[in-house]
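Right, one structure below, let's go through it.
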Amino acid sequence: MAKKRQAALERYYQKHSECFVRGKPEAKRPPEAAHINPITSEESGDEMSVAVNFPTLPAARQALKRENLH
């Protein structure tokens, strides 16, 4: 799909280069992986996961332990 898009962009660039003020266009490639639910650090075996932007289960457990100590 990206190859077809790139070919179309190149054809249009040849005919209307004045429309492309930033230079020759380049079709963006789709991401290599896309997840509806990101893999958590618990599932991957790593200590921390940069893909998760919400509290993970281990972090929630630690917070619960701290709360119960008080």
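Remarks
- Packing, as the average of other Cβ atoms within 10 Å across residues, places the peptides 6-18, 23-35 in the order 6-18, 23-35, highest first.
- Simple spin-label estimate for A7 and A59 in nanometres, 7 Å along Cα-Cβ: 4.6 nm
We did not get these values from a lab; they are worked out from the coordinates using the rules stated. Since we're looking at a predicted model, the values are computed, not measured. Reconstructed Cβ throughout: ideal geometry from the backbone, glycine too, with neighbour counts over all protein chains shown.
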